[in-house]
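Taking it in order: structure first as structure tokens, then the write-up.
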Amino acid sequence: MKAKAFDTRLFKRVLKYAKPYRLRLNSVILFAASLSVFAALRPYLLKETVDKYIKTQDAHGLLFYIIIMAVVLLLEVVSNFYFVYWANWLGQDIVKDIRIKLFKHLLSFKMKYYDNAPVGQLVTRSVSDIESIAKIFSQGLFMIASELMKMVVILIFMFYMNFKLTWIVIIAMPILVFITRIFQRRMQVAFEEVRNQVANLNTFVQERVTGMKIVQLFNREDIEYEKFKAINSKHNKAWIKTVLYNSIFFPIADIISSLTLGCIVWYGGINILNNDHVTTFGDLFSYTMFITMLFNPLRQIADKFNEMQMGMIAANRVFDILDTNDQIQDVGTKIAPLFKGNIQFSNVHFSYIPGEEVIKGIDLEVNSGQTIAIVGATGAGKSTIINLLNRFYEIDHGTISIDGVSINDYTLSSLRQQIAVVLQDVFLFADSIFNNITLNNPNISRATVVEAAKTIGVYDFIMSLPNGFDYDVKERGAMLSSGQRQLIAFLRAFVSNPSILILDEATSSIDTYSEELIQRATETITKNRTSIVIAHRLATIINADVIVVMEKGKIVEQGSHATLISKTNGFYKKLYDSQLLFNKEV
């Protein structure tokens, strides 16, 4: 749904975030009012100065009025400063609160939400769109209100001073308002096109920078360069259209303003020459200032409406996410203790897409301290098992329990605190190795991390890096190899001291040296705790207590390696023999 510039419902919702800053909000309104009064007072004082003191050559009175004008100017400057500063301050505090609320909301979503939501879109909503909401206050609402208030006060002063000259201005204003409205509509369409082209440009550049290796590997530099030129050209044309509209509108507005001023000078001058005491020289001086002060805000309001429109559209997008109810239901009341590690899946059914089950009524028991391995072809449902155990997704039917208690009865935080997962694709933050291990947990000391690194055999590897544990691994751990990232992930899991450990194909796609370290780390961290190992290479799980074979969402076999390998036509034996044959051929 597209937001409107004056969507009252949406605006009221945004305005609710200003309640904690009510004093500042009222102060902004007060300074806007005082600014309009002081702005209109200056031309009036100029009229009084010309008519009463310059014309009569009263030097003392002239000096007194000059001082008054200086004071009024100073008060106008002060009011303008606090108006602009507090309006922007208010806008930034409001978006700070909205951004915090949005991020907290994102943290509670199910993994299913992130499966379908583009990352770039969520980043845009959390950063750029929220920043646009601030413009509702800093560049939109308050600026428009201030300019309108200023125009009303100016018109009151003008009618009070000389209603005949003021009617000339009143006749000219509808023409400028009509032209301004046309300009606003054209600019709205133009800005929409600009935003679309900016989005296309950002998406193109982001994808090519991320996939630069592929671009260069397949020698596509020239092709991508030409594509970029075409997209950039569309972006340029969209901006040129806004420049064209500005180039047309502002000169026309200037002409109308100048013609109005000319009519006032002509009409007022005729009255003065005819000794009509209704118009004075002071009127002509002051009206020269009044027209500029009256028409300029009218021209700028069109731009302010555009800013308002941008902010309302952004607010609509952000609130769409805040209104999305896709959270894991954290209704458990029990604090998960240090688990013994008895896990039971009873008739568990699950589907990512309704009606398309990927887990089809499995029953599985894991005893405390056991290491079980789950194997099967790609898409068999192996990784889904660990996603369900961690409650990243909700099961459709059945129960999953740990130590005889349903995982739904535990609080989500305490449940996940007792389970550690080492994934195949390790994610590291652009931070030090130490912070990537502890994830900034203040309860994990450096001494604990160092001792743990020595225990699982990765201390020497870490200390071989520049700055050791303080080595910055950069974005996604780009400064480390895949094997080194895996070692960091193992250490991260080990220091969290989990009751249950899950290794999701954690030994695939690594070099021999790293594999030796990881095998040692695996033996250390799985000792005396319940462990679930999802493996692609069967040679790494031969010593598992139980091997579970999955096929198309069902458990088709389970037992020890020796038991399963003895089944002539068994699923496991076929998998094992095919890998063995492949390795021999290699």
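The values are calculated or read from the model by the stated rules, or taken from the named source; none is laboratory data. Remember, predicted model here, so these are calculated numbers, not experimental data. Using ideal geometry, Cβ is built from the backbone for each residue, glycine included, and neighbour counts are taken over all protein chains shown. Protein only, heavy atoms only, side chains kept; ligands, DNA and RNA dropped before computing areas. Shrake-Rupley method; radii C 1.70, N 1.55, O 1.52, S 1.80 Å.
In the stretch 522-556, which residues are open to solvent by less than 40 Å² (accessible area, probe 1.4 Å), over 41 Å from the mean Cα position of the chain (by Cα) and closer than 16 Å to residue 385 by Cα? The answer is 546, 547, 548, 549. State whether one or more residues within the stretch 116-126 are outside any helix (DSSP H, G or I), open to solvent by 60 Å² or more (accessible area, probe 1.4 Å), out of contact with any helix residue (DSSP H, G or I) (no Cβ under 7 Å at 6 or more places or on another chain) and polar (S, T, N, Q). Scanning the stretch 116-126 turns up no residue that is outside any helix (DSSP H, G or I), open to solvent by 60 Å² or more (accessible area, probe 1.4 Å), out of contact with any helix residue (DSSP H, G or I) (no Cβ under 7 Å at 6 or more places or on another chain) and polar (S, T, N, Q).
So which residues in the stretch 23-43 are open to solvent by 50 Å² or more (accessible area, probe 1.4 Å) and within 24 Å of residue 155 (Cα to Cα), if there are any at all? Scanning the stretch 23-43 gives 29, 30, 37, 42. Pairing each residue of the stretch 253-282 that is over 18 Å from residue 48 (Cα atoms) with any residue that is in a helix (DSSP H, G or I) and among the small types (Gly, Ala, Ser), provided the two are 6+ apart or on different chains, yields C-beta distances under 7 Å for 256/172; 260/172. Applying the criterion of being modelled with pLDDT of 80 or more and touching a helix residue (DSSP H, G or I) at 6+ places or on another chain (Cβ under 8 Å) to the residues of the stretch 326-342, the residue that is surrounded by the fewest Cβ atoms within 10 Å (Cβ to Cβ) is 333.
One residue stands out in the stretch 182-194 among those that are of a type in the set (D, E, K, R) and in contact with a helix residue (DSSP H, G or I) (Cβ under 8 Å, 6 or more places away or on another chain): the one that is least open to solvent (accessible area, probe 1.4 Å), namely 193. The set of residues from the stretch 357-372 being in contact with a Lys or Arg (Cβ under 9 Å, 6 or more places away or on another chain) and either without any contact (Cβ under 8 Å) to a residue 24 or more places away in the chain or within 12 Å of residue 555 (Cβ to Cβ) (or both) comprises 359, 360, 361, 362.
Number of residues in the stretch 196-217 that are part of a helix (DSSP H, G or I) and either touching a residue at least 40 places away in the same chain (Cβ under 8 Å) or surrounded by 13 or more Cβ atoms within 10 Å (Cβ to Cβ) (or both) equals 14. Residues in the stretch 94-110 that are under 27 Å from residue 391 (Cβ atoms) and either free of Cβ contacts under 8 Å to residues at least 24 places away in the same chain or surrounded by fewer than 15 Cβ atoms within 10 Å (Cβ to Cβ) (or both): 100, 101, 103, 104, 107, 108. Within the stretch 387-407, residues that are closer than 26 Å to residue 424 by Cα and among the aromatic types (Phe, Trp, Tyr) sit with their Cβ atoms under 9 Å from residues that are open to solvent by 40 Å² or more (accessible area, probe 1.4 Å) and not in a strand (DSSP E or B), at 6+ positions apart or across chains, in these pairs: 392/110; 392/111; 392/112; 393/110; 393/111; 393/112.
Being hydroxyl-bearing (Ser, Thr, Tyr), assigned to a helix (DSSP H, G or I) and surrounded by fewer than 17 Cβ atoms within 10 Å (Cβ to Cβ), is that true of even one residue in the stretch 53-67? Checked against the condition, which is being hydroxyl-bearing (Ser, Thr, Tyr), assigned to a helix (DSSP H, G or I) and surrounded by fewer than 17 Cβ atoms within 10 Å (Cβ to Cβ), the stretch 53-67 yields no hits at all. Which of the residues that make up the stretch 309-321 are open to solvent by 10 Å² or more (accessible area, probe 1.4 Å) and in contact with a Gly (Cβ under 7 Å, 6 or more places away or on another chain)? Those that are open to solvent by 10 Å² or more (accessible area, probe 1.4 Å) and in contact with a Gly (Cβ under 7 Å, 6 or more places away or on another chain): none in the stretch 309-321. Residues that are more than 16 Å from residue 168 (Cα to Cα) and either buried (at least 21 other Cβ atoms within 10 Å of the Cβ) or among the acidic types (Asp, Glu) (or both) within the stretch 281-299 comprise 282, 297, listed in sequence order. Every condition in (1) of a type outside the set (D, E, K, R); (2) under 30 Å from residue 12 (Cα atoms); (3) part of a helix (DSSP H, G or I) is met by residue 325 except one, and the failing one is (3). Once the stretch 188-213 is narrowed to residues that are at pLDDT below 80 and either of a type in the set (Val, Ile, Thr) or more than 26 Å from the chain's Cα centre (by Cα) (or both), the residue that is farthest from residue 151 (Cα to Cα) is 213. Taken together, the residues in the stretch 445-493 that are among the hydrophobic types (A, V, I, L, M, F, W, C) and touching a residue at least 60 places away in the same chain (Cβ under 8 Å) amount to 6.
Scanning the stretch 448-465 for residues that are under 37 Å from the mean Cα position of the chain (by Cα) and open to solvent by 60 Å² or more (accessible area, probe 1.4 Å) turns up 448, 463.
Okay, residues lined up against (1) at pLDDT 90 or above; (2) more than 19 Å from residue 554 (Cα to Cα); (3) surrounded by 21 or more Cβ atoms within 10 Å (Cβ to Cβ):
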site	(1), (2), (3)
344	yes, no, no
355	no, no, no
374	no, no, yes
386	no, no, no
389	no, no, yes
399	yes, no, no
408	no, yes, no
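Screening the stretch 494-521 for residues that are at negative phi, in a loop (DSSP other than H, G, I, E, B) and at pLDDT 75 or above and picking the one that is most open to solvent (accessible area, probe 1.4 Å) gives 496. For the stretch 235-269, the tally of residues that are more than 26 Å from residue 169 (Cβ to Cβ) and either more than 32 Å from the chain's Cα centre (by Cα) or surrounded by 14 or more Cβ atoms within 10 Å (Cβ to Cβ) (or both) stands at 6. What are the residues in the stretch 131-154 that are more than 18 Å from residue 76 (Cα to Cα) and surrounded by fewer than 19 Cβ atoms within 10 Å (Cβ to Cβ), if any? Hit for the stretch 131-154 is 131, nothing else. Selection of first residues in the stretch 64-89 that are at negative phi and touching a residue at least 60 places away in the same chain (Cβ under 8 Å) and of second residues that are among the basic types (Lys, Arg) and in a helix (DSSP H, G or I), restricted to Cβ pairs under 9 Å at least 6 apart or on distinct chains, gives the following pairs, ordered by first then second residue: 86/24; 89/24. Total residues in the stretch 250-266 satisfying the condition of being at pLDDT 80 or above and aromatic (Phe, Trp, Tyr): the figure is 1.
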